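Notes follow the structure.
The values are calculated or read from the model by the stated rules, or taken from the named source; none is laboratory data. Source: prediction; values computed, not measured. We place every Cβ from the backbone using ideal geometry, glycine too, and count neighbours over all the protein chains shown. SASA here: full protein model, heavy atoms, side chains in, ligands and nucleic acids out. Shrake-Rupley method; radii C 1.70, N 1.55, O 1.52, S 1.80 Å.
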Amino acid sequence: MSGVRLVTGGTGFAGSHLVERLVACGHAVEAWSNPSGHPPSSLHPSVSWRAVDLLDREALASAVATLSPVAIYHCAGFADVAGASVHRDRALRVNAIGTHHLLEAVRRSSASCPVLVTGSALVYRPSADALREDSPIEPWNPYGFTKLAQEMIAMSARATPVYLARPFNHAGPRQSPAYVTSSFARQIAEIETGRREPVLLAGNLDSRRDIMDVRDTVRAYQLIVDRGRPGRAYNVCSGRSHRIGDLLEMLVGMARIEVDVRRDPERMRPADIPVVLGDPSRLVAETGWRPEIPIEQTLADLLDYWRGRLAAPRA
């Protein structure tokens, strides 16, 4: 399948890794950022960048028609789970209406190219058991509801083949410190550079999460489009849950200085799900995907990323 592949949200966490993945496979890529996004200063010759607002229906339709992509990986969206509780209208508009605008743009362009919509495992009803694609759907927070609305819009599209990914937790370089493992890694890097006292603040360490490397996640996205079945949801997960405290112990063990871990009541969530675990059997059986990067490598790379970010002298 030659031609240009479009990645929306190309400056985001998973989106930027997907751009790198597609380029490494020899594909030409156009990556979109929102108008307030910041494309990289060094551009790969196979990547073009464009600022597109998903809520600007006509501008989006024009951009799709001009590009005529052979595949679309829709990674853009309102990704702040906690922020969605505060900015519910914005989260719903970006995740649901933005996806509607994109699919309408594809329909109007008659491109009929495959579209991958990256949803979320937070559409499921919380359960201590491994979640399968046919597990009960019952979001427990506003973010999950916006992603369910996005799914319903995506699955109702008829003019183009739509694939749905339900990613579970993923981590790695370039992740926002709003997420737990990246927060730990950044704090350790700050301690190592003397930017903070040798005290790492943590919230609930007993919850368990199915978390894997973002580079395995985006490889799954690529394989779902290449080998998956349209109109079908795929869990993107490892099938293994990790205790948050154990992940922290791994990171602390990689620190170049002694670190004291303290519980911070401000970081405790009032309603934290004890276990989030997925079953990737469908993805494995239908695409041949399997996670390849061990969690220890993910954490080491994440810590090195923050060390690099903080290596420059303080202003």
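Between rounded, prolate and oblate, where does the stretch 56-95 land on the alpha carbon gyration tensor, with a ≥ b ≥ c its root eigenvalues, rounded for a/c under 1.5, else prolate if a/b exceeds b/c?
Details: a/c = 5.70, a/b = 2.17, b/c = 2.63.
Oblate, since a/c reaches 1.5 and b/c is not below a/b.
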- Counting helices only, and only those DSSP H runs with n ≥ 4, report the 222 nm mean residue ellipticity of the chain as the sum of -39,500 (n - 2.57) divided by its residues, in deg cm²/dmol to the nearest 500. -11500 deg cm²/dmol
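Rounded to the nearest 5, what % of the DSSP beta bridges within the chain are antiparallel ones?
Values: 3 of 37 bridges.
Roughly 10 percent of the beta bridges in the chain run antiparallel, per DSSP.
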- Can you tell me the equivalent ellipsoid semi-axes for the stretch 24-105? Use √(5λ) from the Cα gyration tensor, largest first, whole Å. 24, 16, 11
- Task: Find how much the distance from Asp134 to Met254 grows on full extension, using 0.36 nm per residue of separation minus their present alpha carbon separation; answer in nm with one decimal.
- Result: 39.3 nm
- Computed over the stretch 90-184: relative contact order in percent, which uses C-alpha pairs under 8 Å that are six or more apart: 36
- To the nearest 10 degrees, how steep is helix 142-155 against the longest Cα principal axis of the chain, on a 0 to 90 scale? 30
- Quick one: length gained pulling Met155 to Asp80 fully straight, 0.36 nm per residue minus the C-alpha distance? 24.7 nm
- In Å², what does the accessible area per residue of the stretch 183-276 work out to with a 1.4 Å probe? 47
- Query: Among rounded, prolate and oblate, which fits the stretch 41-196 when a ≥ b ≥ c are the square roots of the eigenvalues of its C-alpha gyration tensor, a/c under 1.5 means rounded, and a/b larger than b/c means prolate?
  - Reply: oblate
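With every protein chain left in place, what is the accessible area per residue of the stretch 1-111 in square angstrom, probe 1.4 Å? Write out the running numbers ahead of the final one.
Numbers: 5170 Å² over 111 residues.
It amounts to 47 Å² per residue over the stretch 1-111.
Once neighbouring chains are kept in place and the probe is 1.4 Å, which whole percent of the accessible area of the chain is contributed by carbon and sulfur? Kindly include the intermediate steps, with their values, before the conclusion.
Values: 7190 of 14450 Å².
Accessible surface attributable to carbon and sulfur in the chain totals 50 percent.
Would you mind giving the average projected area, over all directions, of the Cα convex hull of the stretch 186-315 in nm² with one decimal? Walk me through the intermediate numbers first.
Details: hull surface 40.1 nm².
Convex hull of Cα atoms, orientation-averaged projection: 10.0 nm².
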- Task: Could you calculate, for the stretch 167-256, the ratio of the Cα radius of gyration to the Kirkwood radius, expressed as Rg to Rh?
- Result: 1.08
- Task: Quickly work out the Ala300-to-Asp56 label distance, labels modelled 7 Å from Cα along the C-beta direction, and quote it in nm with one decimal.
- Result: 4.4
- Note on the structure: Using eta = 1.306 mPa s and T = 10 °C, Stokes-Einstein with Kirkwood Rh from Cα pairs puts D for the stretch 121-165, in µm² s⁻¹, at 139
- Message: Angle check, please: helix 98-109 long axis (alpha carbons) against the longest principal axis of the chain (alpha carbons), in degrees 0 to 90, nearest 10.
- Response: 30
- Item | Whole-number percent relative contact order across the chain, with pairs defined as alpha carbons under 8 Å at least 6 apart | 18
- Message: Which residue fluctuates most in the GNM of the chain (Cα springs below 10 Å): Ile97, Ile191, Ile257?
- Response: Ile257
- Item | Tensor-based shape of the stretch 142-220 (alpha-carbon gyration tensor, a/c under 1.5 rounded, otherwise prolate or oblate) | prolate
- With Cα coordinates, the longest principal axis of the chain makes an angle with the long axis of helix 214-227, in degrees rounded to 10, of 20
- Message: Calculate log10 I(q)/I(0) of the chain for q = 0.13, 0.14 Å⁻¹, where I(q) comes from the Debye formula with a single equal point scatterer on each Cα and nothing for solvent.
- Response: -0.96, -1.11
- Note on the structure: At R0 = 25 Å the Cβ-Cβ FRET efficiency linking Glu197 and Ser176, nearest 0.05, sits at 0.65
- Message: For a quick check of understanding: with a 1.4 angstrom probe and all protein chains in place, what accessible area in square angstrom does Asp89 have, to the nearest ten?
- Response: 110
- Gaussian network model of the chain, springs between alpha carbon atoms under 10 Å - residue of Thr11, Thr118, Thr66 with greatest fluctuation: Thr66
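May I ask you to derive the FRET efficiency for Arg227 and Asp206 from their Cβ-Cβ distance with R0 = 30 Å, giving the value to the nearest 0.05? Please report the intermediate quantities before stating the final value.
On the way: r = 38 Å, r/R0 = 1.25.
FRET efficiency, Arg227 to Asp206: 0.20.
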